[in-house]
Amino acid sequence: MAEKQAVDSNHPSPKKIFQIDARTLGITWNDGHESVYPVKMLRENCPCAHCIDEWSGERRIKPGDISDTIQPVKLHSVGLYAIQIAWSDGHDTGLYSHELLRRLCQCPACRGK
Ligand SMILES: [Zn+2]
Ligand SMILES: [Zn+2]
């Protein structure tokens, strides 16, 4: 008997990551959800130790620190849980976990929550 692979709704993972336009990134998830992200917002929410103070959890990026023309230049999957994004400002240490990406989703449904 073949076992059907169930989608774990608590841990959805990205099926497709694509550029919607110059400033917007989209992710289609394996549970069918479609996320949209202004790329600048993603950069501002970089979870790496340079951008978030490890001890206080305080964000080190100040409003205006990130250019409006910021672009993701390279994305790649890290293991089964995260995506690493390299940015046009040279920053590439941010590992965006799938969980974080779902939390940052700016689609109307998620924003309305
Ligand atoms: Zn960072
Ligand atoms: Zn959403």
Being touching a residue at least 60 places away in the same chain (Cβ under 8 Å) and loosely packed, with under 11 Cβ neighbours inside 10 Å is the filter here; which residues of region 29-67 pass it? none
Just one of (1) within 16 Å of ligand 2 (Cβ to nearest atom); (2) crowded, with 16+ Cβ neighbours inside 10 Å; (3) not aromatic (Phe, Trp, Tyr) trips up residue 70, so point out which. (1)
Within region 35-52, is there a residue that is out of contact with any strand residue (DSSP E or B) (no Cβ under 9 Å at 6 or more places or on another chain), on the phi > 0 side of the Ramachandran plot and small (Gly, Ala, Ser)? no
Filtering region 83-97 down to residues that are under 10 Å from the mean Cα position of the chain (by Cα) and of a type in the set (Phe, Trp, Tyr) yields 96
Please give the number of the condition residue 68 fails out of (1) of a type outside the set (Gly, Ala, Ser); (2) under 12 Å from the mean Cα position of the chain (by Cα); (3) more than 16 Å from ligand 1 (Cβ to nearest atom). (2)
Which one of the conditions (1) modelled with pLDDT of 95 or more; (2) over 18 Å from residue 105 (Cα atoms) does residue 26 fail to meet, given that it meets all the rest? (2)
Here is a check on your reading of the model: is residue 66 over 24 Å from residue 14 (Cα atoms) and hydrophobic (A, V, I, L, M, F, W, C)? yes
Condition test on residue 112, is it on the phi < 0 side of the Ramachandran plot, within 16 Å of ligand 2 (Cβ to nearest atom) and surrounded by fewer than 14 Cβ atoms within 10 Å (Cβ to Cβ)? yes
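The values are calculated or read from the model by the stated rules, or taken from the named source; none is laboratory data. This is a predicted model, so every value here is computed, not measured. Don't worry about glycine lacking a Cβ; one is built from the backbone with ideal geometry, like all the others, and counts go over all protein chains shown.
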